[in-house]
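Student: First, the structure itself, so that you have it in front of you.
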Amino acid sequence: EISWNLMIAGCVRHGHSEEALRLLSEMQGMNMKEDKFIFASVLSACSALAALEQGRQVHARIITSGINWDVFLGSSLLDMYAKCGRMDDAVEVFESMPERDDYMWTALITGYVNCGSIEDAYRIFGRIPEQNVVSWNAMISGHVKNGQDEEALTLYCKMQRAGIRADKVTLASVISACVGIKALEQGKQIHAHISKTNCVFDIVVGSALTDMYAKCGSTEHACQLFDEMPERDRISWNTMITVYASCGRISDARRVFDEMQEKN
RNA sequence: UUGGAUGGCCUG
C-alpha cells in the first residue's frame, strides 16, 4: 500500500524517525507486508536514532521476508550498523553484499571516523575503486571531527591535486578546519577561491564563512558577509547573534535577535 | 512524484 510508504518516507525525511518506527509497528500489527522501500526508510530512521535493537529486528525481517537485496537496502543496513558503532556488523554486511556502491564505502568511512579510527577510515578510503567527492568529503570532515584541522586542510589540497572539484560540503568542512586553528589567511584564500568557482551564497557555506571571520578576529568581515546572504535559517541567525554577543556588542546582538523574530 | 552515504552556529 503506497500511502504507508509515503507516510513513513515523509516522517524520515522530516526527521520524525520515532514516528516512522511507530508506523512500521502499526503496519506490522495489521499483518501488512513491508516492501524494500519501507525497509530502507525505517533503517534510515534507526540510523538517525542509533536504535540498534530495532535495526536488528528490521534486518531479521528483511531476511524472513525473502526480499532481494539491492544497493539501497544494503547501504541502509550497513549505515544503520555503522551509526550504531557496530563496525564489525557493518563490515559483515559489506562483505556479504553481492553488489557494492559508493554509498556503502562512505558509510564505512563515516562509521570508522565516528569511532575515532581514522586509520581504518583511510584503509577503506584507499580500497575504493574510484573515489568521488563524497568519499573525499567524508575523510576531510573525519579529520575535522577528530580535531585534526591541519590534516583536513592537507587532504583538501590533495583532493584538488587529484582533480576532484570541491563542493559546498567540502568547503563547509575546510572552513570549519580554519576556525579550529584560527587560520584567517587560509580562510580568506578559501573564500576568494569560492568567489571564483562556487556559489558564495549557499547558506551553509555562508554561515561557515561568517563564523570563520568572527572567530578569527574579523568581526567586520563577518557582518558584511551575513548582510550579503540572500537567505537565513536558524543556524545563520544564531551564528550572527553569537558573533555580536561574543565580542560584547550586546545591543547589536539584540537587534539581530529582534530582526529574526520579525522575519519568522 | 515512495527508499540509502559526506557539510555550518549554539548547548561544549
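Student: Residues A:214, A:183, A:192: which one is within 11 Å of RNA strand B (Cβ to nearest atom) and over 23 Å from the mean Cα position of the chain (by Cα)?
Tutor: Matching residue, one of A:214, A:183, A:192: A:214.
Student: Here are A:243, A:256: which of them is near RNA strand B (Cβ under 9 Å from one of its atoms) and farther than 16 Å from residue A:172 by Cβ? Even if it seems obvious, please write down each step before you answer.
Tutor: On the way: A:256 fails: near RNA strand B (Cβ under 9 Å from one of its atoms).
From the options A:243, A:256, the qualifying one is A:243.
Student: In addition: Which of the numbered conditions does residue A:118 fail, given that it passes all the others? Conditions: (1) touching a residue at least 12 places away in the same chain (Cβ under 8 Å); (2) within 13 Å of RNA strand B (Cβ to nearest atom).
Tutor: Among (1) touching a residue at least 12 places away in the same chain (Cβ under 8 Å); (2) within 13 Å of RNA strand B (Cβ to nearest atom), the lone unmet condition for residue A:118 is (2).
Student: If you don't mind, there's one more thing I want to ask. Given (1) closer than 22 Å to residue A:117 by Cβ; (2) more than 7 Å from RNA strand B (Cβ to nearest atom); (3) of a type outside the set (A, V, I, L, M, F, W, C), where does residue A:141 come up short, assuming only one miss?
Tutor: Residue A:141 satisfies every listed condition except (2).
Student: Additional query: Cβ-Cβ distance below 6 Å, separation of 6 or more or different chains: which pairs start in the stretch A:150-178 with a residue that is in contact (Cβ under 8 Å) with a residue 12 or more places away in the chain and end on one that is part of a loop (DSSP other than H, G, I, E, B) and not hydroxyl-bearing (Ser, Thr, Tyr)?
Tutor: So the pair list comes out as A:168/A:202.
Student: Looking at residue A:82, is it crowded, with 17+ Cβ neighbours inside 10 Å, over 30 Å from residue A:121 (Cα atoms), within 11 Å of RNA strand B (Cβ to nearest atom) and under 22 Å from the mean Cα position of the chain (by Cα)?
Tutor: So residue A:82 fails the test.
Student: Now for a separate question. Before we move on, is residue A:139 in contact with a helix residue (DSSP H, G or I) (Cβ under 7 Å, 6 or more places away or on another chain) and more than 26 Å from residue A:176 (Cβ to Cβ)?
Tutor: no
Student: Let me ask something else about it. Pick out the one residue from A:77, A:21, A:6 that is closer than 26 Å to residue A:137 by Cα and not acidic (Asp, Glu). Don't jump to the end; show me each part of the working.
Tutor: Values: A:21 fails: closer than 26 Å to residue A:137 by Cα; A:6 fails: closer than 26 Å to residue A:137 by Cα.
Of A:77, A:21, A:6, the one residue that is closer than 26 Å to residue A:137 by Cα and not acidic (Asp, Glu) is A:77.
Student: Further, regarding this structure: Which of the residues that make up the stretch A:122-135 are in a helix (DSSP H, G or I), more than 8 Å from RNA strand B (Cβ to nearest atom) and over 10 Å from residue A:106 (Cβ atoms)?
Tutor: Correct list: A:122, A:123, A:126, A:127.
Each reported figure results from applying straightforward, stated rules to the coordinates on display, with no laboratory input. As the structure is a computational prediction, the values presented were derived from the model and not from experiment. Because the Cβ atoms are built from the backbone with ideal geometry, glycine has one as well, and the counts that use them run over all protein chains shown.
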